[in-house]
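What follows is a set of notes on a single structure, which appears directly below.
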Amino acid sequence: MSKTITVNGTERPIPSDPRVSLLDFLRENEGLTGTKKGCDHGQCGACTVIVNGMRINSCLTLAAMHDGDSVTTIEGLGTPTSPSPLQVAFVEHDGFQCGYCTPGQICSATAMLDEIAAGFASDASEDLLGEMQASPEEIRERMSGNLCRCGAYANIVTAIREIAQGDA
Amino acid sequence: MSAHLKQDEPVTSNRLDGMKQGIVGQPLSRVDGLAKVTGTAPYAAEYKIDNVAEGVLVTAPITRGEVTSIDKDSVLSMPGVLAVLDDERLTTRAAQGTANEAPKQDPATVCYWGQPIAVVVAETFEQARDAAKHLKVEYRVHEGAPLDPHQVAPEEQEDETVNQGDLDAAMARAAHTVDVEIATEGHASAAMEPHAAIAEWRDDKLTVYASLQMPNYNIAELADSLGMEESNIRLVSRYVGGGFGSKLGISEETVAAAIAARELGQPVRVVMSRQQVFQCIMRRSETTQKLRLASDEEGKLDGFAHHALVSNLPGEEFAEPVLQSSHFLYGGENRQLKLEVARIHRMTAGSVRAPGEAVGMPALEVAMDMLAEKSGVDPVELRLRNIPDRNPEEDLPFSSHKLADCLRQGAEKFGWDSGPRKPRQQREGEWWIGTGMASAARVHNVGEAKAHVTLKSDGTAVVQSDMTDIGTGTYTIVAQIAGEMLGIPIEKVLVELGDTKHPRGPGSGGSWGAASIGSAVYVACEALREKLAHRAGTSETELDLRDGSVVGGNSLVELLDGEDISEVGHYEPGEIADSHTASGFGAFFAKVRVNRFTGETRVDHMLGAFGFGRVLNEKTARSQCLGGITWSIGVALTEALLFDPVDGHLVNCDLAEYHVPVNRDVQDVDVMMMEERDPVASPIQAKGIGELGMCGGAAAIANAIYNACGARLFQYPMTPDRVLAALPD
Amino acid sequence: MRPFAFQRPDSLAHAHELTVPEDATAVAGGTNLLDLMKLQVETPERLVDINRLGMTEIQETADGGLRIGALATNTATANDDRVRADYPVLARAILAGATQQLRNRATTGGNLCQRTRCYYFTNIDQPCNKREPGSGCGAIDGIAHLHAVLGTSPSCIATYPGDMAVALSALDATVEIASPDSDERSVPVRDFHLLPGDTPCRDNVLERGEIITAVTLPRPVKAKHLYRKVRERSSYAFALVSVAAIVAVEDGVIARADLAFGGLAHKPWHDARLSELLVGEAPSAALFDKAGDLLLEGARGYGENDFKIPLARRTLAAVMAEATETEI
């Protein structure tokens, strides 16, 4: 049985204390502090990372539950010298202010665009069976798991829309 | 070298408009943007310090009393536990903004449920968190602590009291009157980054990485708490994950980390849990407000009264300044204003974004809507008729006044219908649709500030201050001002903030940051320009700089000839602050829908038009306005601190049950910025914008709810239960 | 979080064995359990991770229904084409709950076992009979904004907070449970959750060592499926009141009306009398009012939550009006 997690493409050992959340594993063991701790209880979304292609709250899962899994954090999406298109769009449209919720927003949005492409429905979808669109209302609902206390939501939606339309 | 400007006179030169680089005001992207979107910007808990031990605060589950014993042995044998500290210097409340001295200490005396009384330190976070829960503490409870602000005799805040003319007579003779009581509940800042500190000692020198809005005051607060000299302390706060008042003063984790690190001889980090942030940092006081308005037939005010009851802990000077803009927003010869504070045992009440107007304006502007209805005057027109020429209490001139423009242009852009207004005129399926509006006002503040600007021989510049950027865009506007003055693009300006090794800035709070630090940078750059002009053989006023060169002349590199030049700019507010009333003004327009079955309200569209002096960066300023409007939605519809009636503890102490707005709550939002130059507000003609966007917006929503469905609510937030209770049949 | 041993069984039998002891708790998605462990509301000494036991499939049953594995994520269930086409009330209820991040982890079985959001339950320094039997109820004299108005007891006024189970109740789904020393047993979801009575510490009928293996839906019926959730913000909030409705109208009369309610009680609330009252009648405001009377005849508010009684009545009327296309 493997006891490692693949983090941004690199296999890393799981810590011995099973209490360590995936979030604390990333921040403390791996030094990947781009993933933020805002509430530690799944109530803010700042800790959102992508595990095996799905976005999750890394605070509400244990590192020990993820052996063999593949985790992508904000650091795995882009760097200051090579940012992802969404990262660039967030800067261009000022989709943040203090920046603390931002990595979670971007991880969340990255996975969300894949979910729309895969036809996942949301509470805002009028037709559960139709093709899913990255409409403003869909984006707002699908991004509602990421709180932004600075109130950058309008700009976040604009930034995501730009990338969604570019993909189309 | 240093240059000093104490502003006693209006500054009408508008120098920034004459500069040639052309970047001030431009919607440039944040210079710290890439660091934030890639997760590489370090926040307080994220500095890579070797051998850090983890501290967790222990809090009291009693309302009032004393700690009689702490059984440290109950946890010292647990794995990894290093220490339990109950040092009497531990602080038990957050310091108020600009306190400049230690907040309350003495952790053995408990004044509110959830107060920190000790800190447990262990090798790992999990060990410390578990041990903190296990620590056996005994208390002597002092029963009967007052918890209800309405059950105690309040103290009048006499410097807020106004008795001008004869209000009762005005009410008696008025053609139209409004006499209404409106309540708001407590609010939390709920910044996304929990309060955190890492403390590290080198001999007698202490460095603390913390999440702070005002290091310039916080250093004194920490020094006083620890009994140290400021010169032995360095605070680092380069990135702050939101403040909104909650990080104005030092809070409990900072002092705890410092004491623990000293005791253990190793660095210690203390991060508050989200629940602790709610339970032992600032709350905005709940308010009960009584408004009386007396007008003539045409709605012109003759009488104006605003009374407010707020609360705080015994011993706290802060009282939510509810009446702040009521003193001057509207005319009325006969005036009564009174602010009272009830002493109760909930956690400290202090500054939460836009203290005062954030709750005072939503009440006042509902009363104005009622007056509009009674007098039959359109709500926009009613406000226009009541804009005073001068401050109606102090007879001072306004520094600048954009309210009328905001009302008119905002109404036009929104498509405001100035025809007769009646509730329940529009329905779409289950939803009633309505519109509402309100004025915005927020007093303008400035603070003393210093900034060190170096123009390097390679033609780049460095600006340094202990000023912070709490998401407001300070890094960027500082780079823009320096770049504008020195004729270089912002890519060539390095801005270093949030470190007390640099000169003291103003700190971020009360929306004063940009105007204050911007003015200090401006003053420094003016002095640097003198030097450059001298080298270029011209006068400072004639010196045109652009893209690293004198226009049509030498490059900066040539002028500097291998030498760095630098200046510390020192800006101080002067007498002008006493000779004028300075405020940001604006207008909000909202379109809402109210579900006729469930009472749920959704804000379909909101527009804010604001005048706040010079716009330093159109993009970041707009973001500040958007943020304020988002908070307005929270105040109007969702945010309320709920306190247990038995022991006063905050029951909804997390982000699941304290409802800050989510993305879907914010639909179509529009911002208009009314560019102006305010020569009184600051030497760069700018006023604050961080708070104006939430000063009245909730009332536009409340008034739209009334227009939509006929439910006139007198309590915020307007949750479905309250809307249903107020619905006429 | 207290220290615990982390165990991962490789078979259902092994899982039974590991979860029989009092100090053991099974974890699937963990989105509720780990939250409560951090608060020390839950303090297992052994945490049994059942995520590698399969049970993720969603398959048709022999009688034309659908069997949803206990470890199917909420996302997988809500986006299953058969669920979306034939049981839209279930997809809608799931999508109305939590956030995409949480639904990506939350599972069918875990969601059924979700514990209350009562503020006094989650604060270990407050009295709570559910968390600590005999300690009292802080909510009854405290802040009871979120709390129950139906089926309460002097011991507990907490609500079951979930959405999915409300839809499952309207659908009359069955919970399949594997027991340590017997074969599988099946419990109608309407009987799975318990009312608080004198033992509010028991949320549901699961015995020690039992593990939910699946939820089975009966054959789909042709009807309108609605899920209405009333909440204080437009997303990411627990229900004040929710209604799951499966309603059909034939020849001007109601032919089917399966209703269940969230936010009102310690369990998803289903009252068979509502269906009896409504079926065979022509839809009208008066009829919906009568249904409201029946639903709420035993309701009791605790001050702060009195509003739930009129709100439930109005939401029921709104949902029935929409489902039957009746103007009221």
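Laboratory data are not the source of any read-out in this text; all were calculated from the coordinates shown. Since this is a predicted model, take the numbers as computed values, not measurements. Backbone-built Cβ (ideal geometry, glycine too); neighbour counts: all protein chains shown.
Is any residue of segment B:320-334 close enough, with backbone N under 16 Å, to a label point placed 7 angstrom from the Cα of B:Ala172 along the Cα-Cβ axis, and if so, which?
Those under the cut-off are B:334.
May I ask you to derive the FRET efficiency for A:Glu126 and C:Asp289 from their Cβ-Cβ distance with R0 = 22 Å, giving the value to the nearest 0.05?
0.15
So what's the gap between the Cα centers of segment B:76-142 and segment C:119-145, to the nearest angstrom?
Centre-to-centre distance over Cα atoms comes out at 24 Å.
Using a basic spin-label model with each label point 7 Å from the Cα along Cα→Cβ, how many nm lie between B:Gln164 and C:Glu250?
Label at B:Gln164, label at C:Glu250, 7.6 nm between them.
Hey, rough spin-label estimate for B:Ser555 and C:Arg202, points 7 angstrom out along Cα→Cβ, what's it come to in nanometres?
About 8.5 nm separates the two model spin labels.
Using a 10 Å cut-off on Cβ atoms, rank the peptides B:307-315, B:256-264, B:137-145 from the highest mean neighbour count down.
My ranking of the peptides, most packed first, is B:256-264, B:307-315, B:137-145.
State the Cα centre-to-centre distance between segment C:273-317 and segment B:235-281 in whole Å.
Segment C:273-317 and segment B:235-281 have Cα centres separated by 51 Å.
So what's the convex hull volume per residue for the Cα atoms of segment C:96-188, in Å³?
155 Å³
What dipole magnitude, in Debye to the nearest 20, does chain C give about its Cα centre under +1 on Lys/Arg Cβ and -1 on Asp/Glu Cβ?
Result for chain C is approximately 820 debye, rounded to the nearest 20.
Based on DSSP, what percent of beta bridges with both residues in the protein assembly as shown are antiparallel, to the nearest 5?
75 percent
Please work out, to two decimal places, the log10 of the ratio I(q)/I(0) at q = 0.10, 0.11, 0.15 Å⁻¹ from a Debye calculation in which every Cα of segment C:10-117 carries one identical scatterer.
For segment C:10-117, the Cα-only Debye profile gives -0.32, -0.39, -0.69.
Would you compute, for the Cα atoms of segment C:224-324, the largest minus smallest coordinate along each principal axis and list the three values in descending order, in whole Å?
42, 29, 22
Hey, if you drop one equal point scatterer on each alpha-carbon of segment B:521-636 and run the Debye formula without solvent, what base-10 log of I(q)/I(0) do you get at q = 0.17, 0.18, 0.20, 0.22 Å⁻¹?
-0.97, -1.01, -1.10, -1.19
Out of B:Pro79, B:Phe125, B:Thr109, whose Cα points farthest toward the positive end of the dipole of segment B:40-140 (charges: +1 Lys, Arg; -1 Asp, Glu; placed on Cβ)?
Among B:Pro79, B:Phe125, B:Thr109, the one farthest towards the positive end of the dipole of segment B:40-140 is B:Thr109.
Could you give the length gained on full extension between B:Asn14 and B:Asp578, defined as 0.36 nm per residue of separation minus the Cα-Cα distance, in nm?
200.9 nm
Summarise the partner chain shielding of C:32-41 as one whole number: the mean count of Cβ atoms from other chains within 10 Å of each residue's Cβ.
What the average comes to for C:32-41 is 5.
Mind putting a number on the dipole of segment C:224-324 about its Cα centre? Charges go on the C-beta only, +1 for Lys and Arg and -1 for Asp and Glu, and I need it in Debye to the nearest 20.
Computed charge dipole of segment C:224-324: roughly 420 debye.
Identify the GluC sites (Glu not before Pro) of segment C:39-147 meeting these criteria: DSSP loop state and at most 13 other C-beta atoms within 10 Å of the C-beta.
Sites meeting the loop and neighbour criteria: C:Glu45, C:Glu57.
In a solvent-free Debye calculation with one equal scatterer on each Cα, what is log10 I(q)/I(0) for segment A:19-168 at q = 0.11, 0.17 Å⁻¹, listed in the order of the q values?
Computed log10 I(q)/I(0) values: -0.40, -0.95.
So what's the Cα pair-distance distribution over chain B, bin width 10 Å, in %?
Histogram of Cα-Cα distances, whole percents per bin: 3, 15, 23, 24, 19, 11, 4, 0, 0.
May I ask for the Rg/Rh ratio of segment B:313-446, computed from Cα atoms with Rh as the Kirkwood radius, given to two decimals?
Ratio of gyration radius to Kirkwood radius for segment B:313-446: 1.03.
On a full-extension model of 0.36 nm per residue, what is the gain between B:Glu298 and B:Glu88, subtracting their alpha-carbon distance, rounded to one decimal in nm?
69.4 nm
Any chance you could get the radius of gyration and Dmax over the Cα atoms of segment B:1-111, in Å?
Computed over the Cα atoms of segment B:1-111, radius of gyration and Dmax are 24.8, 70 Å.
Please compute, for peptide B:641-649, the average count of beta-carbon atoms on other protein chains lying within 10 Å of each residue's beta-carbon.
For peptide B:641-649, the averaged partner shielding equals 4.
Using 1/(1 + (r/R0)^6) with R0 = 41 angstrom and r between the beta carbons of B:Arg343 and B:Asn51, what's the FRET efficiency to the nearest 0.05?
According to the calculation, E is roughly 0.40.
So what's Rg/Rh here for segment A:4-77, counting alpha carbon atoms and using the Kirkwood radius for Rh?
0.91
Residue by residue through A:76-83, how many Cβ atoms from other chains fall within 10 Å of the Cβ on average?
Average per residue, whole number: 3.
Calculate the dipole size of the protein assembly as shown relative to its Cα centre from +1 charges on Lys and Arg beta carbons and -1 charges on Asp and Glu beta carbons; express the result in debye to the nearest 20.
1300 debye
Using alpha-carbon positions, what is the distance between the centroids of segment B:630-647 and segment C:12-76, in Å?
One Cα centre to the other: 35 Å.
Loop only per DSSP, at most 10 neighbouring Cβ atoms within 10 Å: give me the chymotrypsin sites (Phe, Trp or Tyr not before Pro) in segment B:366-451, ordered by residue number.
none
Can you give the relative contact order of segment C:224-324 as a percent, counting alpha carbon pairs under 8 Å and 6+ residues apart?
27 percent
Which whole-percent values make up P(r) of segment B:583-729 when all C-alpha to C-alpha distances are grouped in 5 Å steps starting at zero?
Calculated P(r), rounded to whole percents: 2, 10, 17, 18, 16, 13, 10, 7, 4, 2, 0, 0.
Within 10 Å, count the other beta carbons around each residue, average over each peptide in A:139-148, B:122-131, and list them highest first.
A:139-148, B:122-131
Over all distinct alpha-carbon pairs, what is the Kirkwood Rh of segment B:379-438 in angstrom?
14.0 Å
In nanometres, what is the gap between the two model label sites at C:Ile124 and B:Lys422, each 7 Å from Cα along Cα-to-Cβ?
6.1 nm
For B:Lys205, list the lysines whose Cα falls under 21 Å from its own Cα; do not include residues on the same chain fewer than 8 positions away.
B:Lys48, B:Lys501
Counting Lys and Arg as +1 and Asp and Glu as -1, what is the net charge of the other residues whose Cβ lies under 15 Å from the Cβ of C:Glu184?
Taking every Cβ under 15 Å from that of C:Glu184, the sum is -3.
Put +1 on the Cβ of each Lys and Arg and -1 on the Cβ of each Asp and Glu in the protein assembly as shown; which of C:Ala91, B:Asn334, C:Val41 then has its Cα farthest toward the positive end of the dipole?
Final value for the positive-end residue is C:Ala91.
Send over the Kirkwood Rh of segment A:85-167, from the inverse of the averaged 1/r over different Cα pairs, rounded to one decimal Å.
Final number for the Kirkwood radius of segment A:85-167 is 12.7 Å.
From a point 7 Å beyond the Cα of B:Glu66 in the direction of its Cβ, which residues of segment B:90-108 have a backbone N at a distance under 20 Å?
Under 20 Å, as judged by backbone N against the label point of B:Glu66, lie B:90-93, B:104-108 of segment B:90-108.
Over all pairs of distinct alpha carbons, what does the Kirkwood formula give as the hydrodynamic radius of segment A:43-83, in Å?
So the Kirkwood estimate lands at 11.2 Å.
For B:Phe714 and B:Glu448, what does the FRET efficiency come to when R0 = 41 Å and r is the distance between their Cβ atoms, rounded to the nearest 0.05?
0.50
Provide the convex hull volume over Cα atoms per residue for segment B:412-473, in Å³.
In segment B:412-473, the Cα hull volume divided by residue count equals 235 Å³.
Using every pair of alpha-carbon atoms in segment C:69-128, split the distances into 5 Å bins beginning at 0 and state the percent of pairs per bin, rounded to integers.
Using 5 Å bins, I get a P(r) of 4, 19, 22, 20, 12, 10, 7, 4, 2, 0 for segment C:69-128.
If packing is taken as the average count of other Cβ atoms within 10 Å, what order do B:378-386, A:10-18 fall into, highest mean first?
Going from most to least packed, we get B:378-386, A:10-18.
Given the pairs A:Lys36/B:Lys36; C:Lys224/C:Lys267; B:Lys290/B:Lys402; A:Lys37/B:Lys104, which span a C-alpha to C-alpha distance of over 21 angstrom in this model?
Distance filter (> 21 Å) returns C:Lys224/C:Lys267; B:Lys290/B:Lys402; A:Lys37/B:Lys104.
Over the protein assembly as shown, what portion of Cα pair distances is larger than 46 Å, expressed as a whole percent?
34 percent
Put +1 on the Cβ of each Lys and Arg and -1 on the Cβ of each Asp and Glu in segment A:4-77; which of A:Met65, A:Val20, A:Gly38 then has its Cα farthest toward the positive end of the dipole?
Looking along the dipole axis, the top candidate is A:Gly38.
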